[in-house]
Amino acid sequence: MTMRTKPKFVGVLSCSGEEEPEGTIARNAVRLVMEKYRPGITVSLCLPLYLAGDSGEREFAKLAPVIAVDGCEKACAKLSTEKYSGKVSGAIDIRALLREWGVDDHLSRSRPGELEWELTERVAQEIVKKIDSLIQEGELATKPEKEEAN
Amino acid sequence: MPERKVYVIPCSGIGKASASVGRQATYRVVEELLPEKADTMCLALLTLEDPGAQEKVRENWVVAIDGCAKDCARKNVEAAGKPPEIAHRVQDYMKKHKNLKPQAVLDIGEEGKKLVELISQELAEEIDVLLKGGERK
Ligand code: SF4
Ligand code: SF4
């Protein structure tokens, strides 16, 4: 009989999004979650390693649940994960979120200012919610860490 | 037929400050130094084998800027149908300019910004040479 050990980490994978402001928000929000909001349990991977990397990198989503964070409806992170690695446990489409939040301001992809960082923080919180639900559903062998003050 | 462009495609590194430098150098080139001639695209579209993105690679000139020796941008461009005309690694510039060490992924710091400037100026010159049909450095 084999026992399934629960993963201790959650993979949060951002699309690359160099062309779009929402892509910059995606990358920065993932870094915020890794560095500030859920450090120690969040791991990430450079997305293009799926094609450029070795089989170890392609095994990524088989070893840990993955949350895909995409800048737009093209869903590159989600679809690449599903294509090369496995199902995602959660997905975020930032353009759809911005629509939902009524944001239609012009955003910069190269020089994020106050508004872009505020939105990045909000997206980071959406990622945190998804990580915490995975923990609550018993998908991870860990407990949510105490959140740092904003 | 639309005029050929130069697509500067940085890798999508999220864990290394060198990748952040590559991305910022890309933006400096395509938005400020050569806005009429150069553009960028989401590398992830190539990872996903998006036909539109692959066509852009095949029909235009491409510069790949990688954060590290894994060369994700160069390899994904090659997989789209042709090698990039110019390819660089930020880590090679860092070896040459040891005094310019980017600070962190989210904030590359003052030295990182100097490195961005150095790389983007060199890139813009190389792209100009490429567009004039001359030899690359
Ligand atoms: S999901 Fe959209 S923003 Fe992100 S890499 Fe793909 S095309 Fe670019
Ligand atoms: S070249 Fe290096 S830093 Fe860039 S995406 Fe690949 S592994 Fe990440």
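The values are calculated or read from the model by the stated rules, or taken from the named source; none is laboratory data. Source: prediction; values computed, not measured. Positions of Cβ are generated from backbone atoms using ideal geometry, with glycine treated the same way; all protein chains shown enter the neighbour counts. Protein only, heavy atoms only, side chains kept; ligands, DNA and RNA dropped before computing areas. Shrake-Rupley method; radii C 1.70, N 1.55, O 1.52, S 1.80 Å.
Write out the trypsin sites (Lys or Arg not before Pro) in the stretch A:78-138 meeting two conditions: DSSP loop, and at most 16 other Cβ atoms within 10 Å of their Cβ.
A:LYS87
Using θ = phi - 60° and the Karplus form 6.51 cos²θ - 1.76 cosθ + 1.60, what ³J(HN,Hα) does each residue of the stretch B:119-125 get, whole Hz, x for Gly and Pro?
So the Karplus estimates, Gly and Pro as x, are 5, 5, 5, 4, 4, 4, 5 Hz.
Just to confirm, what accessible area per residue do you get for chain B at 1.4 Å probe, in whole Å²? Could you put the intermediate results ahead of the total?
Values: 6280 Å² over 137 residues.
On a per-residue basis, chain B sits at 46 Å².
Quick one: how many lysine pairs does the stretch A:10-136 have with C-alpha atoms less than 24 Å apart and a gap of 8 or more or different chains? Give me the count, please.
Pairs that pass both the separation and distance tests number 19.
Counting only other chains, what is the mean number of Cβ atoms within 10 angstrom of the Cβ of each residue in peptide A:104-112?
Other-chain Cβ atoms within 10 Å of each residue's Cβ, averaged: 2.
Work out the charge dipole of chain B with +1 on the Cβ of Lys and Arg and -1 on the Cβ of Asp and Glu about the Cα centre, then indicate which of B:ILE119, B:LEU131, B:LEU46 is farthest towards its positive end.
B:ILE119
In debye to the nearest 20, how big a dipole does the protein assembly as shown give about its Cα centre with +1 on each Lys and Arg Cβ and -1 on each Asp and Glu Cβ?
Here the protein assembly as shown has a charge dipole of around 1080 debye.
Using modelled amide H (1.01 Å from N, peptide plane; none on Pro or chain starts), what sits under 5 Å from the amide H of B:VAL62, excluding residues fewer than 5 places away?
Placed amide hydrogens put B:TYR7, B:GLU85, B:ILE86 under 5 Å from B:VAL62.
Which Cα, out of B:ALA104, B:ASN76, B:VAL29, lies furthest along the positive dipole direction of the stretch B:6-128 (beta carbon charges, K/R +1, D/E -1)?
Farthest along the dipole direction, towards plus: B:ALA104.
Relative contact order for chain B: what percent, with Cα pairs under 8 Å and sequence separation of 6 or more?
Result for chain B is 28 percent.
Using amide H atoms built in the peptide plane, which far-off residues or other-chain residues are under 5 Å from A:SER16 H to H?
B:ALA44
Per the 1.4 Å probe, what fraction of the accessible area of the protein assembly as shown, in percent, lies on carbon and sulfur atoms? The partial results should precede the final answer.
Details: 6730 of 13640 Å².
Summing carbon and sulfur atoms, their accessible area is 49 percent of the total for the protein assembly as shown.
In straight Cα distance, which aspartates and glutamates are under 18 Å from A:LYS6, not counting same-chain residues fewer than 8 positions off?
The qualifying aspartates and glutamates are A:GLU59, A:ASP132, A:GLU137, A:GLU139, A:GLU145.
How many Å² of accessible surface get buried when A and B come together, counting both sides, probe radius 1.4 Å, rounded to the nearest 100?
In total, this chain pair buries about 2700 Å².
For the pair B:GLU31 and B:GLN103, what calculated FRET efficiency results from E = 1/(1 + (r/R0)^6), where r is the Cβ-Cβ distance and R0 = 25 Å, to the nearest 0.05?
FRET efficiency, B:GLN103 to B:GLU31: 0.65.
Please list 3J(HN,Hα) in residue order for the stretch B:89-97, calculated via the Karplus relation 6.51 cos²θ - 1.76 cosθ + 1.60 where θ = phi - 60°; whole Hz, with x for glycine and proline.
Once θ is set to phi - 60°, the couplings for the stretch B:89-97 become 10, 4, 4, 5, 5, 5, 5, 6, 10 Hz.
Report the charge-dipole magnitude of the stretch A:17-150 in Debye, nearest 20, computed about the Cα centre from +1 at each Lys and Arg Cβ and -1 at each Asp and Glu Cβ.
Once rounded to the nearest 20, the dipole reads 380 debye.
Under a 1.4 Å probe, what is the accessible area of the stretch A:1-137 per residue, stated in Å²?
With all protein chains present, the stretch A:1-137 gives 46 Å² per residue.
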